[in-house]
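Comments concern the structure below.
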Amino acid sequence: MATRRNADGPVTAIDRTVGGLAARQVAHGAVADLLGNTHAFALEDALAQAGRHAGLDGADAALARAIATATFRRFGFLKQVLAARLAQGLPADNPRLVALLATGAAQILDLNVPDHAAVDLGVRIAKGDPQLQHLSGLVNAVLRRIVRERDAILAAMTDPLADNTPDWLAHRWRTIYGQDVAQAIATAHLGGAAIDLTVKGSPAEWAERLGGIALPTGSVRLHEVRAPIADLPGYAEGEWWVQDAAAAIPARLLAARPGEDAADLCAAPGGKTAQLAAAGARVVAVDRSAPRLERLRENLARLRLAAEIRVGDALTLTQDEGFDAVLLDAPCSATGTIRRHPDVAWTKSATDIARLSGLQRRLLDKAASLVRPGGRLVYCTCSLEREEGEAQIGAFLARNPAFARVPVTAAELGGLAEPIDANGDLRALPSHLGASRPEASGGLDGFFASRLRRVA
């Protein structure tokens with residue numbers, strides 16, 4: 001056994017002797033850490049760190065990820081389910097108990113795992129955790145009751161906006177987009193995300209080869225992946241990389257040309273850098289995170305693409321002659337990625353939006369200063385919040401008369417007009433590519449992008 005630690009010291013011993021237990025311990029620990037705000041990691045980072053410490057193999061790591069992701073995807077529903085079955089309601093001051101009950105309930109209600117494994121292993125986790133040992137009987141009783149009442153519970157999960165979305169986000173989206181669109185966004189979040197690829201060659205040919213479909217935006221979407229990504233045709237040869245279809249649009253709008261000087265600010269994890277390099281531009285990729293840039297470097301090597309990689313703050317980047325094209329994917333609240341990263345809904349707050357909007361303004365002004373006369377600038381965020389998108393561009397154009405908007409056209413999106421707003425900016429929503437293109441079900445990440453040209 002190995003003791004897993006969090007910010008508060010030893011918590012529980014990872015038990016590799018019982019099948020599936022270690023995976024559930026890692027999922028529980030990652031969810032508890034995020035609910036308890038013991039670190040600032042995203043769920044993927046928390047899972048990766050805990051999984052490495054526990055020595056999980058590929059199958060157990062995948063199970064831990066599935067459990068934790070399912071927990072956050074229906075966390076609003078699960079909180080109501082649990083609160084109704086606890087005499088004193090859900091204990092806000094005990095995130096480890098909440099996490100254990102929620103991960104157990106998620107397995108019972110949403111995952112194809114045996115009920116007895118979800119219950120019995122949940123009880124084992126409680127008995128092995130010094131903070132939860134005295135509550136193992138409660139864990140057993142609550143999870144067994146959820147097994148008995150599963151059909152009724154699932155039938156009651158009908159309103160993802162009112163019951164499965166944090167109140168502050170539901171209110172914002174109703175105000176910004178209206179009730180119907182807000183409802184569609186929340187529904188799309190329940191569906192999760194497909195795997196999208198950006199390919200070097202023909203999307204139609206790669207879609208046929210991989211058993212996917214070519215999206216109108218130029219990406220390839222895989223609905224069913226029965227093998228590890230690295231085992232799929234074309235991966236080892238560097239013919240494609242994983243990138244959400246919406247995330248791939250901003251670099252396409254920048255339309256870098258062979259021989260142009262291009263900058264990708266806040267570049268990691270590197271999908272957009274790869275797009276610019278594949279287009280033939282001379283790319284400078286900048287990010288503050290050295291580890292994330294190392295991953296970018298490894299990805300470029302696999303893709304047989306080249307870029308100049310600089311570790312540092314984009315606000316301090318200098319380039320005497322400027323760039324023909326600058327792409328700024330600014331740090332943001334990431335509320336557009338909830339269908340892919342459901343923990344975002346429960347770990348971010350309105351204060352994050354206010355805090356990040358000031359940084360976005362500074363980065364946007366810096367990016368503009370790097371653009372040569374006649375050059376292009378694309379600003380984008382994976383956020384659904386106007387403060388991080390439309391409002392940023394409106395304020396920027398008001399204080400920077402040297403720049404003008406270059407509207408996005410439906411032709412650039414393969415005929416899709418739905419994600420283009422009245423100003424000609426991209427406003428992709430998780431609910432897009434739904435009813436209008438049922439063959440491409442899976443939606444899009446929520447993304448904002450505006451294309452600007454330096455005219456003076």
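Nothing in this text is a laboratory measurement; each read-out follows from the coordinates by a stated rule. Since the model is a prediction, treat every value here as computed from it, not as a measurement. No Cβ is skipped: glycine too gets one built from the backbone with ideal geometry, and neighbour counts run over all protein chains shown.
Modelled spin-label separation between Arg150 and Asp421, with each label point placed 7 Å from Cα along the Cα-to-Cβ direction: 4.3 nm. Footprinting exposure proxy ranking of Val455, Val181, Val378, fewest other C-beta atoms within 10 angstrom first, gives Val455, Val181, Val378. Per-residue ellipticity at 222 nm computed for the chain from its helices equals -13500 deg cm²/dmol, with DSSP H segments shorter than 4 residues left out and the rest contributing -39,500 (n - 2.57). Counting only DSSP beta bridges with both residues in the chain, the antiparallel share comes to about 60 percent.
Footprinting exposure proxy ranking of Leu300, Leu138, fewest other C-beta atoms within 10 angstrom first, gives Leu138, Leu300. Note on Lys366: lysines with a C-alpha under 29 Å away, same-chain residues under 8 apart excluded, are Lys272, Lys348. Highest mean packing first, where packing is the average number of other Cβ atoms within 10 Å per residue, the peptides 74-86, 93-105 line up as 93-105, 74-86.
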